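**Q** First the structure, then my questions, so here it is.
The values are calculated or read from the model by the stated rules, or taken from the named source; none is laboratory data. This one's a predicted model, so the numbers in the text were calculated from it and none came from an experiment. We place every Cβ from the backbone using ideal geometry, glycine too, and count neighbours over all the protein chains shown. We work out accessible area using only protein heavy atoms, side chains counted, and drop any ligands, DNA or RNA first. Shrake-Rupley method; radii C 1.70, N 1.55, O 1.52, S 1.80 Å.
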Amino acid sequence: MNQNLENTYNLSSRKRRIVAFAIDHCLFIFLIVSIVFLSLGSDFINETNFSNILSKMLPSMVIGLLIYFSKDTKKGISPGKWIMGIMVRDENDPSEVPSFGRLLTRNLFLIIWPVEFIVLATNQNKKRLGDKTAKAIVVKNPNKPVKLPRIIALVATGFTFFIFIFFFVGSVMKNSDAYKVAIIEIEKNEEIQSETGGIKDYGMMPTGSINMTNGYGEAILGIKVIGNDKDVNVDVYLTKESNGEWELIELSK
């Protein structure tokens, strides 16, 4: 049975399917995370009411998940499948793409992806549960694009994700009340003012972390202070009591 299907439909290998899934998973998680972050805004870290955060997150997550589960509904080809040169087709007529409903149902089984991996790895016909339910197969794409554009697309997506996270996290930290208090304390510090010859600006991205739990906070920030004469790196440690303000605990160079 497996050999007949292989000869008739030119089935995709398990390896290609797994790599395609990994690419799709990373791409769509990036998309969902981006949608959620953008809906929250860069000042969400200052929000103390978790229900307000949740009310913004849920609609964005629902939209993101709908997009994720619809990933193969455009000609049976998702971004990962396009990169790996494979596509989803009707098991009874490989020239036809299954309907939107069947493809959506097929992808809903990815909720139990560990089980799907096991079934795909052990099934003779290289089918997971979603394939069986949707009566679909995954075959090699005879019209797949040349390798270079696919590699460029993959690298560009990864680079875009890194840049987005880097700048968004930096923006969140700079918009936090902890960072604002840290800047005030730095500018009040006469030793830093003297050593720098007067503060001119601050580095693009602070380093460190800001943690909030039930209204309590702890922040460890590394801030580059750009001076008229000299630049210095300043480490600031702050804490926050529930319903209180951020307070400086330690400042060092």
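**Q** Can you name the condition, by its number, that L104 falls short on among (1) open to solvent by less than 80 Å² (accessible area, probe 1.4 Å); (2) in contact (Cβ under 8 Å) with a residue 60 or more places away in the chain?
**A** (2)
**Q** Further question: Could you list, in sequence order, the residues of segment 233-253 that are over 32 Å from the mean Cα position of the chain (by Cα) and polar (S, T, N, Q)?
**A** S252
**Q** Turning to a different aspect of this structure: Within segment 171-190, restricting attention to residues that are acidic (D, E) and free of Cβ contacts under 8 Å to residues at least 40 places away in the same chain, which residue is most open to solvent (accessible area, probe 1.4 Å)? So that I can check it myself, show each step before the final result.
**A** The first filter runs over segment 171-190 and keeps only residues acidic (D, E), leaving 177, 185, 187, 190.
So of that shortlist, the ones also free of Cβ contacts under 8 Å to residues at least 40 places away in the same chain come out as 187, 190.
On the way: E187: 92, E190: 151 Å².
It comes out as E190.
**Q** Another one. Of the conditions (1) surrounded by 15 or more Cβ atoms within 10 Å (Cβ to Cβ); (2) at pLDDT below 90; (3) assigned to a helix (DSSP H, G or I), I151 satisfies every one except a single condition; which number is it?
**A** (1)
**Q** Among the residues in segment 207-228, are any touching a Gly at 6+ places or on another chain (Cβ under 6 Å) and farther than 21 Å from F167 by Cβ?
**A** Step one: of segment 207-228, the residues touching a Gly at 6+ places or on another chain (Cβ under 6 Å) are 207-208, 220-222, 224, 227-228.
Checking which are farther than 21 Å from F167 by Cβ leaves us with 227-228.
Yes: segment 207-228 contains one or more residues that are touching a Gly at 6+ places or on another chain (Cβ under 6 Å) and farther than 21 Å from F167 by Cβ.
**Q** What's the total number of residues in segment 204-220 that are more than 14 Å from N175 (Cα to Cα) and open to solvent by less than 40 Å² (accessible area, probe 1.4 Å)?
**A** Adding up the residues that qualify gives 2.
**Q** Can you pull out every residue in segment 221-253 that is of a type outside the set (V, I, T), under 19 Å from I184 (Cβ atoms) and open to solvent by less than 90 Å² (accessible area, probe 1.4 Å)?
**A** So in segment 221-253, the residues of a type outside the set (V, I, T) come out as 221-222, 224, 227-231, 233, 235, 237-238, 240-248, 250-253.
Then keep just the ones that are under 19 Å from I184 (Cβ atoms); that gives 221-222, 224, 227, 233, 235, 237-238, 240-241, 244-248, 250-253.
L221, G222, G227, D235, Y237, L238, K240, G244, W246, L248, L251, S252, listed by residue number.
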